[in-house]
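All remarks here apply to the structure that follows.
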Amino acid sequence: MDGVDVAGRVDGRTARAERTRAAIVEAHLALISEGDLRPTGERIAERAGISLRTLWTNFKDMETLFEASGAEVLRQQDAAHRPISPGLPLAKRVDAYCRQRARLLQLIAPSARAAQMREPFSEQLHRNRLKHIERVRDEVEELFAVELAEAGPGREQLLHALVAASTWQSWSMLRYGLDLGVDQARAVMSRTVGALLAEVAPD
């Protein structure tokens with residue numbers, strides 16, 4: 001029975017540690033979503049209802065917290081993603097893709113804006129961004145495989161153009177640089193993606 005008791009205590013400690021880490025990540029993202037784009041350890045700990053020491057016991061530095069928070073943002077984005085059939089006509093695929101991209105980009109907007117401020121000084125935030133880009137690239141390659149194949153030697157250039165048109169940097173320019181509303185920004189994205197693909201769409 002002693003072994004069972006020990007295992008139970010270990011499992012209990014592990015579960016508590018996981019809950020604490022989850023609470024810290026939730027507090028971090030909540031502060032960012034409320035406009036505190038550079039929350040300090042003190043503010044995160046206070047929001048999570050823990051001591052600063054507990055925060056740094058669970059995360060050795062901000063980089064490890066950025067990694068965990070980035071993983072949670074990706075999880076939320078993946079949960080909100082809805083597959084689009086590659087068998088749809090091109091116009092319907094472009095419309096569905098851009099509507100979904102607009103929705104997902106709005107979902108990650110607070111964390112993306114916060115990351116943009118700190119990325120020049122954070123290798124982890126750079127890695128987080130590359131993961132988002134990789135997901136977009138994978139979706140574009142699957143959803144527009146026919147058109148990309150028609151591009152022949154220009155396939156990679158077309159792929160890069162489509163990814164660039166539908167990732168955070170372009171969305172940020174539309175929303176905050178040009179001050180467009182969500183629907184207006186989505187319409188610009190749809191026009192850009194549609195025009196790029198129309199050049200190589202099979203007859």
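The values are calculated or read from the model by the stated rules, or taken from the named source; none is laboratory data. Being a predicted model, the structure only gives us computed values, none of them experimental. Don't worry about glycine lacking a Cβ; one is built from the backbone with ideal geometry, like all the others, and counts go over all protein chains shown. In case anyone asks, the SASA skips ligands and DNA or RNA and just uses the protein heavy atoms, side chains included. Shrake-Rupley method; radii C 1.70, N 1.55, O 1.52, S 1.80 Å.
Within segment 21-41, count every residue that is part of a loop (DSSP other than H, G, I, E, B) and within 21 Å of the chain's Cα centre (by Cα). Residues meeting the conditions: 6. Report yes if some residue within segment 35-46 is over 30 Å from R99 (Cβ atoms), surrounded by 12 or more Cβ atoms within 10 Å (Cβ to Cβ) and of a type in the set (K, R); otherwise report no. Yes, there is a match, as at least one residue in segment 35-46 is over 30 Å from R99 (Cβ atoms), surrounded by 12 or more Cβ atoms within 10 Å (Cβ to Cβ) and of a type in the set (K, R). Applying a threshold of 7 Å to beta carbon distances and a minimum spacing of six or more residues, or different chains, the list of pairs starting in segment 111-127 at a residue that is within 20 Å of A30 (Cα to Cα) and ending at one that is in a helix (DSSP H, G or I) and of a type in the set (F, W, Y) reads A112/W168; Q124/F66; L125/F66. Here the condition is being open to solvent by 40 Å² or more (accessible area, probe 1.4 Å), hydroxyl-bearing (S, T, Y) and modelled with pLDDT of 95 or more; of T54, T64, it holds for T54 alone.
All of A185, A164 fail the test of being of a type outside the set (K, R) and either within 17 Å of I84 (Cα to Cα) or in contact with a Leu (Cβ under 8 Å, 6 or more places away or on another chain) (or both), apart from A185. Exactly one residue among L130, L162, L180 is touching a helix residue (DSSP H, G or I) at 6+ places or on another chain (Cβ under 6 Å) and either exposed (fewer than 14 other Cβ atoms within 10 Å of the Cβ) or not in a helix (DSSP H, G or I) (or both), and that residue is L180. Each residue in segment 155-173 was checked for being within 12 Å of Q106 (Cα to Cα) and not hydroxyl-bearing (S, T, Y), and 2 of them qualify.
Residue count for segment 134-155, restricted to those that are surrounded by 15 or more Cβ atoms within 10 Å (Cβ to Cβ) and farther than 13 Å from H81 by Cβ: 9. Within the set E72, E67, the sole residue that is in the same structural domain as S122 (by the TED database), under 15 Å from the mean Cα position of the chain (by Cα) and over 30 Å from V193 (Cβ atoms) turns out to be E67. With respect to the conditions (1) at pLDDT 95 or above; (2) part of a helix (DSSP H, G or I); (3) surrounded by fewer than 21 Cβ atoms within 10 Å (Cβ to Cβ), G87 falls short on a single one, namely (2). Of the listed requirements (1) open to solvent by less than 40 Å² (accessible area, probe 1.4 Å); (2) touching a helix residue (DSSP H, G or I) at 6+ places or on another chain (Cβ under 8 Å), P202 misses just one: (1). Exactly one residue out of I50, I44 is outside the structural domain of M117 (by the TED database), in a loop (DSSP other than H, G, I, E, B) and out of contact with any strand residue (DSSP E or B) (no Cβ under 9 Å at 6 or more places or on another chain), and it is I50.
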